[in-house]
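Working notes, beginning with the structure itself.
Taken together, the values in this text are just the output of simple stated rules run on the coordinates, not laboratory data. From a predicted model like this one, the values you see are computed outputs, not experimental measurements. Note that each Cβ is placed from the backbone with ideal geometry, even for glycine, and that neighbours are counted across all protein chains shown.
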Ligand SMILES: Cc1cc2nc3c(=O)[nH]c(=O)nc-3n(C[C@H](O)[C@H](O)[C@H](O)COP(=O)(O)OP(=O)(O)OC[C@H]3O[C@@H](n4cnc5c(N)ncnc54)[C@H](O)[C@@H]3O)c2cc1C
């Protein structure tokens, strides 16, 4: 491990999820010393994000990390909106985006596989120091530096650096240090996920690798990963978390949905609350936030982790300019303008629309949204525009053009 001769001359990254890890690697590759503080004892193994969109694959490619996702993931060019009773409503083939991106598909891969690969790379990186079991408590700043406090097994420790990038997740202590609001809302319903080796295509032969299935009573999202299928339902009203993830409850629900006994939930069962929130500012002075620390959204569309990665790359690029004396640190306000714009005007809109599509109960509204979705899919120009948006390409380009 190599660090600067003056240990205060570094960037502190709080949190080692995808956002923090990508920020650390992007900074370190520019020869900027990084101290990464992660509260867990080891890399997180949450089963959350699985969808990687084209711009994220391009960024991972630039960082030399795309094989970690391609090797462990399933390339998925086609995805669908479906109705539970009538089948495919609209189908989108990202092959139409070949002129726009080197990666005209989604990849379905567990985010923990990327995390593992990133930790492996950072471990050997001469510009990075990773400290596990360091829970960041908050940050203060003066004219030249930040001081980040962390709880460790030896008590509280303080670390100085030039800036801190708070990537410490939805409950971010760094965001609290900024003293900014985290406005938005939490959906009434939670989502429950079951991982199964049952071959869903036996029950639905024309299913694509990603399918959003609308139904007024039992909507569902189905994702095909390399070794299993992940099935996500809305948690039932009044059902406790413990009951929702019980083996017999999971089995009964899967069997009823797929019309087959033996819809075996052999793998994970998880339950999650779903939010739509965006921090009122992403930066004050030397304290900056990104990823779930700055914005959280419904997973319908698979955009949270992707936009965290995009935040990390954007932040690191601007920090590199500051570090090399090519830009004033006011360039970080541009980071906020660009990334907050994506969170509010793009990801939030798309994930709310997708959540409404699958969960709508009103028959007239359902018919209207299915009709609209079909009309988009049937028109090549509209379909192209829709895929540019839902693949996060258009939103990223628009945001990056903002001054
Ligand atoms: C069910 C579900 C499915 C999803 N599917 C997708 C998808 O397909 N595609 C997609 O793009 N997104 C998806 N998401 C969202 C995605 O999981 C998150 O947006 C992503 O994990 C955010 O990454 P992050 O690094 O910002 O935060 P996190 O992954 O939450 O990582 C934060 C890290 O900081 C650490 N930490 C927390 N507090 C502290 C502290 N005080 N001090 C030090 N370390 C700390 C944590 O231990 C963790 O390692 C999904 C989410 C859910 C719930």
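Pop a pseudo-label 7 angstrom from the Cα along the beta-carbon direction at both residue 401 and residue 365 and give the gap in nm to one decimal.
Here the answer is 3.3 nm between the modelled labels.
Could you work out how far the C-alpha centroid of segment 160-204 sits from that of segment 256-300, in angstrom?
Computed from Cα coordinates, the inter-centre distance equals 4 Å.
Using Cβ counts within 10 Å as a stand-in for footprinting exposure, how do 36, 122 rank, fewest first? Present the calculation step by step, with values, prior to reporting the outcome.
On the way: 36 27, 122 19.
Least to most surrounded, the residues fall as 122, 36.
Compute the relative contact order of the chain as a whole-number percentage, counting only Cα pairs closer than 8 Å that sit 6 or more residues apart in sequence.
This gives 20 percent for the chain.
Cα atoms only: what Rg and Dmax, in Å, come out for segment 274-327?
When restricted to the Cα atoms of segment 274-327, Rg and Dmax are 12.9, 41 Å.
So if I average 1/r over every pair of distinct C-alpha atoms in segment 327-403 and take the inverse, what Kirkwood radius in Å does that give?
14.3 Å
Run through all the Cα pairs of the chain and give the fraction in each 10 Å bin from 0, expressed as whole percent.
5, 23, 32, 24, 12, 4, 0
Between segment 362-403 and segment 39-78, what's the alpha-carbon centroid distance in Å?
The distance from the Cα centre of segment 362-403 to that of segment 39-78 comes to 24 Å.
Taking one equal scatterer on every alpha-carbon of segment 191-272, how large is log10 of I(q)/I(0) by Debye at q = 0.17 1/Å?
-0.61
Using Cα centres only, tell me the gap between segment 103-142 and segment 12-30 in whole Å.
If we compute the Cα centre of each part, the gap is 6 Å.
What list do you get for 196, 19 if you sort them by fewest beta carbons within 10 Å? Present the calculation step by step, with values, prior to reporting the outcome.
Details: 196 22, 19 31.
Result, fewest neighbours first: 196, 19.
In which sequence would 105, 187, 119 go, from the one with the fewest C-beta neighbours within 10 Å to the one with the most? Mind showing how you got there, number by number?
Values: 105 23, 187 15, 119 19.
Listing 105, 187, 119 from fewest to most nearby Cβ atoms yields 187, 119, 105.
How big is D, in µm² s⁻¹, for segment 28-67 by Stokes-Einstein at 25 °C and 0.890 mPa s if Rh is the Kirkwood radius over C-alpha pairs?
Translational D for this selection: 191 µm²/s.
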